[in-house]
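The structure appears below as structure tokens.
The values are calculated or read from the model by the stated rules, or taken from the named source; none is laboratory data. Please read all numbers here as calculations on a predicted model, not as lab measurements. All Cβ positions, glycine included, derive from the backbone under ideal geometry; neighbour counts span all protein chains shown. Note: areas computed on protein heavy atoms with side chains; ligands, DNA, RNA excluded. Shrake-Rupley method; radii C 1.70, N 1.55, O 1.52, S 1.80 Å.
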Amino acid sequence: NPPVYHLAPIERHDVLQNAERYLVNVVGVEEARERLARLNQMNDPIGLASKPLFLEMLKEVLSSQDLPKDLDVIELYERYIERALSRKAELLDDPEFRSDPQSTRENLRKILGEVAEELQRSGQGYVSLSKYQAKDAKPFAHLLWRLSQGTDMERDARSRVDTRSLLVRVAGEAAKNWLVDFCHRSM
């Protein structure tokens, strides 16, 4: 019976205060306030940043030197997703490193897009990766790496899509069904 700890969500005020302190040091007072004002006009990012990992990623995206003046929520999430997948690039590669990391990330985004569509279509809170069938009916190893070599590689590819992307296992559900959802619905 190991102890289990849950991180409490960070309050909205604390998210904004933390982001402002960080940004002031990176981009200066005036630019930090401008970026936070744009952020405040968006629907969900501050709520998402109530989770510590997302707060760090939000600060990282907001501190980008090439952040557009007309930043909107779509651009913010696109940058967040790209950074999240880039951070995990080496964990997404095929076991023998035969695939191009940029292609792997692009392929993963296609898979995640299909998973998102399936979640919307089904109305359920999860998708079963063990029963997932891509639009073009190809196995995960082919979808992710453009490789296909047996069940071990297929299992490895499915595992990487599950645990090394923006998906999380649905708690309390049977592991054999490989039920997943996005780590946050705004994704």
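Note on segment 53-103: among residues that are among the small types (Gly, Ala, Ser) and not in a loop (DSSP other than H, G, I, E, B), the one that is farthest from residue 14 (Cα to Cα) is 103.
Of the residues making up segment 23-58, those that are over 18 Å from residue 72 (Cβ atoms), without any contact (Cβ under 8 Å) to a residue 60 or more places away in the chain and within 22 Å of the chain's Cα centre (by Cα) are 50, 52, 53, 55, 56. Residue 92 falls short on exactly one of the conditions (1) open to solvent by 70 Å² or more (accessible area, probe 1.4 Å); (2) closer than 25 Å to residue 178 by Cβ; (3) in contact (Cβ under 8 Å) with a residue 24 or more places away in the chain, and that condition is (1). Residues that are in a helix (DSSP H, G or I), surrounded by fewer than 17 Cβ atoms within 10 Å (Cβ to Cβ) and either out of contact with any Gly (no Cβ under 7 Å at 6 or more places or on another chain) or at pLDDT below 70 (or both) do occur in segment 141-150.
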